[in-house]
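S.K.: Next up is a structure, given as structure tokens.
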Amino acid sequence: MTGSEPLAAQPSGVPPVSRLVDAVTVVPGQAGVRFCLGSRALTVRGPADVLSRAVAALRAGLDEATLRATPATSALGRLVGELTGLGWMTSEPAAAATNPTVERQVGYLSVFGPDAAAMQRRIEGARVAILGVGGVGTVLAQHLAGAGVGELWLVDFDRVAPHNLNRQFLFAYDDIGVPKTEAAARALRRLAPALVVHTVDARVAGAADLSALPAELDLLVVAADTPPGIHDFAWQWARGRRIPLHMSAVGLETGYWGPLLVPARAHCWDCFSRDRRDALPADQVDLEERGLGPTPYSFGPSNTAVAALLAHDVLRYLASGDSPALNRRGQLMLSEGRISYFAGQSCRCSPAAGGSVEAANPAPPRVDER
């Protein structure tokens, strides 16, 4: 299955239907009903008996003949139009999820779009590499495994140390001295036996050091903040293979995730970095120019909070092709509980300079369905 193909397909011999997605709740009121999905709501007023029949029909599904016979200006036609515009109607059959470990997750995916079962299949077919199996990378790997991602590559050169155990919960005391990739892979396989995990026990100091990764990845995530320039050569490697790149790191009182850069959408790390630098206060630019490295200190909840936000964005992107972090960096101010975003512009590099100037392409990531 490629990103250009429809997200949903009806079984052979079953007429197409349009039904309300399962995650939408319907709350009766004094003068009508409210359709709710997360923080969004649609209020519909009318007689209780008429609305009750309409809701029952939407839950069961309206077949193609019924939809054709329903005028768009009728009450039912307008309601279907409103719900469709919100992304709350789907042509998927009910109870489409077959994997019991993600049966609660499929309903949640309706927040990202109407065809939740197809989005789950995209997640299950995804191939993701994580560069850095530390405080961010381990939490991300746990979430990807739990969500049903089919194949992971873990890249790290380090060994499990006692000071890792306050935040890297894939590891246990018995893992001390074991390569992080090996210990993480073992834990992930216990969590998700169907997951295919590849380990790359190597130090990455340049783009060539990523040659062990396949060129058909759906996403490369940089979850490490050393050595200096790691994002530059990760982007160099990913851009040349048209592989999307995501990143995250955590400091003392702040943590960030993003940008999520998709070469096919005219995103560019060089341009994003330049835009961000131009927007910084002079004193912060001065600090960065002094080359102050990442903090040696860590706090488990801080790593987990930022890594969970990263994982949410990664899974949303794999499922739907969309994400708040597309060419944007989210920053969590941990001491204030505040999130802000910085948005980059489209790539302005010349092709001769190695830029990625192309027409934006809103298609979801390419994921083969296996």
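The values are calculated or read from the model by the stated rules, or taken from the named source; none is laboratory data. Not measured: the values here are computed from a predicted model. Every residue, glycine as well, gets a Cβ built from its backbone with ideal geometry; the counts of neighbours run over all protein chains shown. Only protein heavy atoms, including side chains, enter the accessible area calculation; ligands, DNA and RNA are left aside. Shrake-Rupley method; radii C 1.70, N 1.55, O 1.52, S 1.80 Å.
S.K.: At 25 °C and a viscosity of 0.890 mPa s, what translational diffusion coefficient does Stokes-Einstein give for the stretch 174-251, taking Rh as the Kirkwood radius over Cα pairs? Give it in µm²/s as a whole number.
M.R.: Estimated via Stokes-Einstein, D reaches 175 µm²/s.
S.K.: Considering the chain, which cysteines have no disulfide-compatible partner, defined as another cysteine with its Cβ under 4.7 Å away?
M.R.: Cys36, Cys349
S.K.: To check you understand DSSP bridge types, tell me what percent of the beta bridges within the chain (both residues inside) are antiparallel, rounded to 5.
M.R.: Within the chain, antiparallel bridges account for around 60 percent of the total.
S.K.: Let me ask something additional. Leaving out ligands, DNA and RNA but keeping every protein chain, what accessible area does Met333 have, in Å² rounded to the nearest 10, with a 1.4 Å probe?
M.R.: 40
S.K.: Stokes-Einstein D for the stretch 105-221 at 20 °C, 1.002 mPa s, Kirkwood Rh over Cα pairs, in µm²/s?
M.R.: It comes out at roughly 144 µm²/s.
S.K.: Relative contact order (percent) for the stretch 22-171, with alpha-carbon contacts under 8 angstrom and 6 or more residues of separation?
M.R.: After rounding, I find 15 percent.
S.K.: Rg and Dmax of the stretch 155-202, using alpha carbons, in Å: what are they?
M.R.: When restricted to the Cα atoms of the stretch 155-202, Rg and Dmax are 10.4, 30 Å.
S.K.: Please report the relative contact order for the chain, taking Cα pairs under 8 Å with a sequence separation of at least 6, and give it as a percent rounded to a whole number.
M.R.: 16
S.K.: So, by mean Cβ neighbours within 10 angstrom, what's the order for 255-261, 202-208, 315-321 with the highest one leading?
M.R.: Packing proxy ranking, top to bottom: 255-261, 315-321, 202-208.
S.K.: Using the crude model of +1 on Lys and Arg Cβ and -1 on Asp and Glu Cβ, and no other charge, please compute the dipole size for the chain relative to its Cα centre, in debye to 20.
M.R.: Computed charge dipole of the chain: roughly 720 debye.
S.K.: Additional query: Quick one: check the C-alpha center-to-center distance for the stretch 164-234 versus the stretch 74-133, whole angstrom.
M.R.: The two parts, judged by their Cα centres, are 29 Å apart.
S.K.: I need to check one value: relative contact order of the stretch 102-237, counting alpha carbon pairs closer than 8 Å and at least 6 residues apart, in percent.
M.R.: Answer for the stretch 102-237 is 28 percent.
S.K.: Shifting gears a bit: What translational diffusion coefficient, in µm²/s and rounded to a whole number, does the Stokes-Einstein relation yield for the chain at 37 °C and a viscosity of 0.692 mPa s, taking the hydrodynamic radius as the Kirkwood radius over Cα pairs?
M.R.: Roughly 146 µm²/s, to the nearest whole number.
S.K.: Which GluC sites (Glu not before Pro) from the stretch 221-328 combine a DSSP loop assignment with at most 13 other Cβ atoms within 10 Å?
M.R.: Glu253
S.K.: So how exposed is Phe299, as accessible area in Å² (1.4 Å probe, rounded to 10)?
M.R.: Answer for Phe299: close to 130 Å² accessible.
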